[in-house]
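Peer 1: One structure is given below, represented as structure tokens, and several questions about it will come after.
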Amino acid sequence: MEDHKLTEDRVIELLMPYLKSRDWKIESYCLGQKRGIDIVALKNGKKLVVETKGAKANDNSPTKKRKYFDSGQIKDHFGKAIVKSLETKNNFPESVVAIAQPLDEDIKRAIGGIIPNLNDIGIVHFWVKSNGEIIVEGAIE
């Protein structure tokens with residue numbers, strides 16, 4: 001399990017090289033407080049849309065109150081990611097939709113048991129390690 005608490009931005013920064021190494025071309029991404037889809041990637045006419053979450057807020061976040069997210073915040077963020085992913089599936093039915101989160105002990109404890117159910121509703125999940133290793137649950141190809 002990871003000891004480092006990754007921000008959402010860091011999850012994006014670590015996931016993009018992984019996708020590029022598998023021939024996905026990054027069309028767009030959002031860092032910081034910018035609103036929009038976190039990562040959009042293209043490969044062989046297929047679009048991958050990724051919603052990312054972190055284990056802590058960015059240091060410069062105006063709403064940062066804790067060193068890292070507690071289980072309630074983790075569940076809240078994950079719930080919002082699921083809703084956004086389902087909206088994306090509805091709006092772009094031909095796209096592959098995914099959620100990416102840090103491989104983090106607190107996150108695994110809070111929502112790890114739910115992750116396999118994402119595949120049942122057509123959402124891929126990326127566990128992102130601080131060393132750049134990615135564990136994929138579901139098919140993106």
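Here, each number is a calculation from the coordinates, and none is a lab measurement. Worth saying up front: this structure is predicted, and the values here are computed from it rather than measured. Virtual Cβ from ideal backbone geometry, glycine too; neighbours counted across all protein chains shown.
Peer 1: Can you list the residues, at least 5 places off or on another chain, whose amide H is less than 5 Å from the amide H of Glu51, using H built in the peptide plane?
Peer 2: Here Ala98, Ile99, Ala100 satisfy the definition.
Peer 1: Related question: For helix 71-91, what angle does its Cα long axis make with the longest principal axis of the chain, in degrees from 0 to 90 and rounded to 10?
Peer 2: Computed tilt is about 20 degrees.
Peer 1: While we're on this one: Per-residue ellipticity at 222 nm for the chain, helices alone: DSSP H runs ≥ 4 residues times -39500 (n - 2.57), over residue total, nearest 500 deg cm²/dmol? Please report the intermediate quantities before stating the final value.
Peer 2: Numbers: 4 runs with 48 residues, N = 141.
Counting only the DSSP helices, I get -10500 deg cm²/dmol.
Peer 1: Which of the pairs Lys43/Lys108; Lys43/Lys75; Lys25/Lys89; Lys47/Lys108; Lys47/Lys129; Lys25/Lys108 have their Cα atoms more than 26 Å apart in this structure?
Peer 2: Working: Lys43/Lys108 30 Å; Lys43/Lys75 31 Å; Lys25/Lys89 20 Å; Lys47/Lys108 28 Å; Lys47/Lys129 24 Å; Lys25/Lys108 29 Å.
Result: Lys43/Lys108; Lys43/Lys75; Lys47/Lys108; Lys25/Lys108 exceed 26 Å.
Peer 1: Something else now. May I ask for the angle, rounded to the nearest 10°, between helix 8-21 and the longest principal axis of the chain, with both axes built from Cα atoms and the value confined to 0 to 90°?
Peer 2: It works out to around 30 degrees.
Peer 1: Under a point-charge model restricted to the Cβ atoms of Lys and Arg (+1) and Asp and Glu (-1), what is the dipole moment magnitude of the stretch 8-137 relative to its Cα centre, in debye to the nearest 20?
Peer 2: Here the size comes out at about 220 debye.
Peer 1: Near Leu42, within a Cβ-to-Cβ distance under 9 Å, what is the net charge of the other residues, with Lys and Arg +1 and Asp and Glu -1?
Peer 2: Numbers: positive: Lys25, Lys43, Lys46, Lys47; negative: Glu27.
The answer is +3.
Peer 1: Still on this model: If the viscosity is 0.692 mPa s and the temperature 37 °C, what Stokes-Einstein diffusion coefficient in µm²/s follows for the chain when Rh is the Kirkwood radius over Cα pairs?
Peer 2: Stokes-Einstein gives a translational diffusion coefficient of 218 µm²/s.
Peer 1: Go ahead and run the numbers for FRET between Ile135 and Lys43, Cβ-Cβ distance against an R0 of 30 Å, rounding to 0.05.
Peer 2: Working: r = 19 Å, r/R0 = 0.65.
The computed FRET efficiency comes out at 0.95.
Peer 1: A follow-up question, please. If I take R0 = 35 Å and measure r between the Cβ atoms of Arg109 and Ser28 in this structure, what FRET efficiency does the formula 1/(1 + (r/R0)^6) give, to the nearest 0.05?
Peer 2: Taking R0 as 35 Å, the efficiency between Arg109 and Ser28 is 0.60.
Peer 1: Counting DSSP beta bridges with both partners in the chain, what percentage is antiparallel, nearest 5?
Peer 2: Expressed as a percentage, antiparallel bridges in the chain total about 50.
Peer 1: Can I ask one more? Any idea what the relative contact order of the stretch 8-137 is, in percent, if you count C-alpha pairs under 8 Å spaced at least 6 apart? Don't jump to the answer; show the numbers that get you there.
Peer 2: Working: 210 pairs, mean separation 30.5, N = 130.
Normalised by residue count, the contact order of the stretch 8-137 is 23 percent.
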